[in-house]
Amino acid sequence: MSLQLQFKERLHAGGIHLLLSLAVAASVTVLVFGFWFPGAYREFAGGTHLLLLVMAVDVTLGPLLTFAVFDRRKGRSHLRRDVATIAVLQLAALSYGLYTVHQARPVALVFEQDRFRVIAAADVLEKELNDALPELRELPLNGPRMIAVRKATPGAERNQSLMTAVMDGVDTSQRPSFWIPYGPEERRAARQGARPLAALMKHYPAENESIQNDLRAMGITQEATARFLPVRARKDAVAVLKEDGTVAGFLMLDGYF
């Protein structure tokens, strides 16, 4: 067999494997962006970066290995073993990557008195899930839920929460036993603690046009009524609040100023 023909056959086999890998990648993208990291969370919660990393490894690993080992002179049984080994390696890499993304998925947007914080599944102190309110004991698979955290009661609980934060690095927003719904009282508190959107636009004059476009997309036509709170996540963001304290959307700007 000539080297040119052998190269063409390897290229053909690697190309078929690449198309199959891209089809799998498309399905995974729908899962990650459609459910685990919906909307703006794919950007400020790190979903895009994680998915691209996983896909870069998975889409290139299998086809390159197939291109490297494919040789009809080995015989069918030998080729089948090679392809099966590559498939197992690729599936293992994909499974590990998906597990990593699954653990990094945002499960809660928590109101913490003067800001919001994105909590990933891996951040949650899972042993306390049974101590949470019944409606908050399951970590969602279809995007984060809006919740708040209650204050620790004075005395033993406050001392214990401080010790857990200092010694273990686990804040109350990561502890399901402190989770409460983002109800009317919490929405009022968020609204009262938020800053006027005019302050954000004054701080970022070059972004004013972009901000106004984003606000229109959120359905906010009167900027004077909108307020914002910073969002603590992998990437800087602010949450835009409506008059009732509900979150209208997010702007990819640093709200700490």
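Relative contact order for the chain using alpha-carbon pairs under 8 Å, separation at least 6, rounded to a whole percent?
17 percent
Under 5 Å between amide hydrogens, which residues at least 5 positions from Arg145 or on another chain qualify, with H placed 1.01 Å from N in the peptide plane?
Result for Arg145 returns Ala108, Leu109.
Which of rounded, prolate, oblate describes the range 159-204, given a ≥ b ≥ c as roots of the alpha-carbon gyration tensor eigenvalues and a/c under 1.5 marking rounded, otherwise prolate only if a/b is larger than b/c?
oblate
With a 10 Å radius around each residue's Cβ, average the other Cβ atoms per peptide and rank 194-202, 170-178, 104-112, highest first.
Put in order of decreasing packing, that is 104-112, 170-178, 194-202.
If you fit an axis through the alpha-carbon atoms of helix 208-218 and take the longest principal axis of the Cα set of the chain, what angle between them do you get, 0 to 90°, nearest 10?
That helix lies at roughly 90 degrees to the long axis.
Of the candidates His12, His102, His49, which one comes out as most mobile in a Gaussian network treatment of the chain with C-alpha springs shorter than 10 Å?
With Cα springs under 10 Å in the chain, the top fluctuation among His12, His102, His49 is at His12.
Quick one: angle between helix 184-193 and the longest Cα principal axis of the chain, in degrees between 0 and 90, rounded to 10, please.
Its long axis makes an angle of about 80 degrees.
Could you state the per residue volume, in Å³, of the convex hull enclosing the Cα atoms of the range 77-211?
So the per-residue hull volume is 211 Å³.
Take the solvent-accessible surface of the protein heavy atoms, probe 1.4 Å, and return the percent of it on the chain that carbon and sulfur atoms account for.
Percent of accessible area from carbon and sulfur atoms in the chain: 59.
Distance from the Cα centre of the range 13-70 to that of the range 87-153, in angstrom?
Between the Cα centres of the range 13-70 and the range 87-153 lies a distance of 22 Å.
Number of Lys-Lys pairs in the chain under 22 Å by Cα, sequence gap 8 or more or different chains?
Step by step, the pairs that qualify in the chain add up to 4.
Between rounded, prolate and oblate, where does the range 158-257 land on the alpha carbon gyration tensor, with a ≥ b ≥ c its root eigenvalues, rounded for a/c under 1.5, else prolate if a/b exceeds b/c?
Prolate.
Can you pull the Rg over Rh of the range 1-128, Cα-only, Kirkwood?
Value, to two decimals: 1.17.
Can you give me the accessible area per residue for the range 82-212, using a 1.4 Å probe, in Å²?
Ligands and nucleic acids excluded, the figure is 54 Å² per residue.
Which percentage, to the nearest 5, of the DSSP beta bridges contained in the chain is antiparallel?
Percent antiparallel among DSSP bridges in the chain is about 75.
Quickly rank 130-136, 24-30, 186-192 as a protection proxy: mean count of other C-beta atoms within 10 Å, highest first.
Descending mean neighbour count gives 186-192, 24-30, 130-136.
Helix 3-31 against the longest principal axis of the chain: what's the angle in degrees, Cα atoms only, rounded to the nearest 10?
20 degrees
Using the Cα atoms of the chain, I'd like the radius of gyration and the largest Cα-Cα distance, Dmax, both in angstrom.
24.3, 82
The values are calculated or read from the model by the stated rules, or taken from the named source; none is laboratory data. Everything numeric in this text was worked out from a predicted model, so none of it was measured. Quick reminder, even Gly has a Cβ in these numbers, built from the backbone with ideal geometry, and neighbours come from all protein chains shown. Just so you know, the surface numbers come from the protein's heavy atoms only, side chains and all, with ligands and any DNA or RNA stripped out. Shrake-Rupley method; radii C 1.70, N 1.55, O 1.52, S 1.80 Å.
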